[in-house]
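What follows is one structure encoded as structure tokens, with my remarks underneath.
The values are calculated or read from the model by the stated rules, or taken from the named source; none is laboratory data. These numbers come from a predicted model, not from an experiment. Every residue, glycine as well, gets a Cβ built from its backbone with ideal geometry; the counts of neighbours run over all protein chains shown. In case anyone asks, the SASA skips ligands and DNA or RNA and just uses the protein heavy atoms, side chains included. Shrake-Rupley method; radii C 1.70, N 1.55, O 1.52, S 1.80 Å.
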Amino acid sequence: MRKKLIIEPKDLHPTREDFEVIGVFNPGVIKYKNEYIMIARVAERVIQNDPGHYLVPLYVNGNGIKIIKLPKDHPEFDYSDARMIKNHEKNYLTSISHLRVGTSRDGIHFTFS
């Protein structure tokens, strides 16, 4: 019988409509008064809906996240690692990670903001 994890990607909403949650890592939980507080690293990626391009999130300093398009099967790009796309100039991460906070009364069922 498979035990349920306390938190899984399907339990969290993405931060944007065009993103999907692909991982929840390294959670830490504390109990404060009558509530449990969890901080977890959440990985999200752009939903891939362009058949000719990889859609990649790019943080633009002071302007938030911009989505760029990188051509699929282009000889100048290395696609061998699903976590990044590389060429001779740059490495592009295919996902972003950030911290999210969840709360729970029972320490099992968490609600994330």
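When every residue of segment 99-110 is checked against the conditions, none turns out to be under 23 Å from Asn26 (Cβ atoms), in a loop (DSSP other than H, G, I, E, B) and touching a Lys or Arg at 6+ places or on another chain (Cβ under 6 Å). Check segment 77-90 and report whether any residue there is at pLDDT 95 or above and part of a loop (DSSP other than H, G, I, E, B). Scanning segment 77-90, I find no residue that is at pLDDT 95 or above and part of a loop (DSSP other than H, G, I, E, B), so the answer is no.
Restricting to segment 6-16, what's the tally of residues that are under 15 Å from Thr111 (Cβ atoms), open to solvent by 70 Å² or more (accessible area, probe 1.4 Å) and assigned to a loop (DSSP other than H, G, I, E, B)? Walk me through how you get there before you give the answer.
From segment 6-16, those under 15 Å from Thr111 (Cβ atoms) are 6-8, 10-13; that's our starting set.
Filter again for open to solvent by 70 Å² or more (accessible area, probe 1.4 Å), leaving 6, 10, 13.
So of that shortlist, the ones also assigned to a loop (DSSP other than H, G, I, E, B) come out as 6, 13.
Final tally of qualifying residues: 2.
For segment 17-45, a residue qualifies if it is outside any strand (DSSP E or B) and in contact (Cβ under 8 Å) with a residue 12 or more places away in the chain, and the qualifying residues are Asp18, Asn34. Considering only residues in segment 99-113 that are open to solvent by less than 50 Å² (accessible area, probe 1.4 Å) and under 15 Å from the mean Cα position of the chain (by Cα), the one that is farthest from Ala43 (Cα to Cα) turns out to be Phe112. Looking across segment 65-87, the residues that are open to solvent by 50 Å² or more (accessible area, probe 1.4 Å) and either under 30 Å from Ser113 (Cα atoms) or in contact with an Asp or Glu (Cβ under 7 Å, 6 or more places away or on another chain) (or both) come down to Ile65, Lys66, Ile67, Lys69, Ala82, Arg83, Lys86.
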